[in-house]
1. If SER117 passes every condition in (1) over 18 Å from the mean Cα position of the chain (by Cα); (2) outside any strand (DSSP E or B) but one, which one does it miss?
2. Within region 170-177, does at least one residue satisfy the condition of being on the phi > 0 side of the Ramachandran plot and free of Cβ contacts under 8 Å to residues at least 12 places away in the same chain?
3. Can you run down the residue pairs with Cβ atoms below 9 Å, 6 or more apart or on separate chains, where the first is in region 80-101 and assigned by TED's automatic domain parsing to the domain that holds GLY173 and the partner is among the β-branched types (Val, Ile, Thr) and modelled with pLDDT under 95?
4. Taking the residues in region 93-134 that are surrounded by fewer than 20 Cβ atoms within 10 Å (Cβ to Cβ) and among the aliphatic types (A, V, I, L, M) as candidates, determine which candidate is farthest from VAL205 (Cα to Cα).
5. Return the only residue of VAL144, VAL129, VAL185 being assigned by TED's automatic domain parsing to the domain that holds ILE201, in contact with a strand residue (DSSP E or B) (Cβ under 6 Å, 6 or more places away or on another chain) and farther than 20 Å from ASP58 by Cα.
6. Search region 174-208 for residues being under 15 Å from the mean Cα position of the chain (by Cα) and in a strand (DSSP E or B), and hand back the single one that is farthest from ASN103 (Cα to Cα).
7. Scan region 122-148 residue by residue and report those that are among the small types (Gly, Ala, Ser) and closer than 21 Å to ALA180 by Cα.
8. Just one of the numbered conditions (1) more than 20 Å from GLY79 (Cα to Cα); (2) touching a residue at least 40 places away in the same chain (Cβ under 8 Å) is not true of SER142; which one?
Amino acid sequence: MALFSLSPTVLRTLGCFMIAVAMSSCAGRQKKHKLTGETQYIDGTRSAAPRYALQQVDVESWWKGDGVAGAPKVVISLGEQKAYFYKGSEVVGVSSVSTGEENHPTPTGSYRIQQKSPAHRSSQYGDYVDASGNVVAENIESGVDPRPPGSKYRGASMPYFMRFNRGIGMHAGFLPGYPASHGCVRMPDHMAQTFYRNVSIGTPVVVKY
C-alpha cells in the first residue's frame, strides 16, 4: 500500500514511532561518548595526575604475600604494564604500572633496589611555584624550561620511591593505562606501599619487554 494512502491515524502513529527511534539512537550515541568531566584515581587523590586526564580503574592488582617466606624479587613487564612480586619462586603480588613513554623509556636489564624514600620528590621534573606555593608553570623540566621571575622549583611528588637505576625507580603515581612516565615505574598508591614494605636495599629488580 502506498504511504500517501494510509489513514491519518496510521500516519501519526508511524511518525511518532520514527521520531522515537531517532531520539533513542542519538541518546545512545551521546551516552557512549559522553564526557562527564570527572577524573578517576586509583588511590583517590589528585596530586599525582595530569590535569584533565583520566586514570585507569585498577582491577588487576593484588597481593597475597604477607607471611610468605622466600627472597623477594620484582619483575617488571613493559609489554604487559605489570610488576610481579616474587618471594622465592612464588608470585605473591601483581601491580598495574605505567612505565616510561616513547621518548623516556624505562631501560630493560637487571638491577637492585638502591634507595627507599617514602616522601621522595623529583630533582628533574615538577612545577615552578610562587612564594605561596601556587603553581606558576606546571610539568616543567628543571634546568631546561625557563623559570618565571620570583618563582622556585618544586619537584613532582614520588611517594614510596624505590630507586633501582640512577634516577629511575618504582613509586606511587598516575596510571592512564599506557606508558606515560619519564622512565619511572608508577604504581597505584596501595600497591606502591605494599611493594615498599616488602623490598629492601639490594632486592633484585628485573625489567623486561
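1. (2)
2. No.
3. Close Cβ pairs satisfying both conditions: SER96/ILE42; SER96/VAL59.
4. ALA131
5. The conditions single out VAL129.
6. Out of the qualifying residues, it is MET187.
7. Scanning region 122-148 gives SER122, SER123, GLY126, ALA137, SER142.
8. The single condition SER142 does not satisfy is (2).
The values are calculated or read from the model by the stated rules, or taken from the named source; none is laboratory data. Being a predicted model, the structure only gives us computed values, none of them experimental. All Cβ positions, glycine included, derive from the backbone under ideal geometry; neighbour counts span all protein chains shown.
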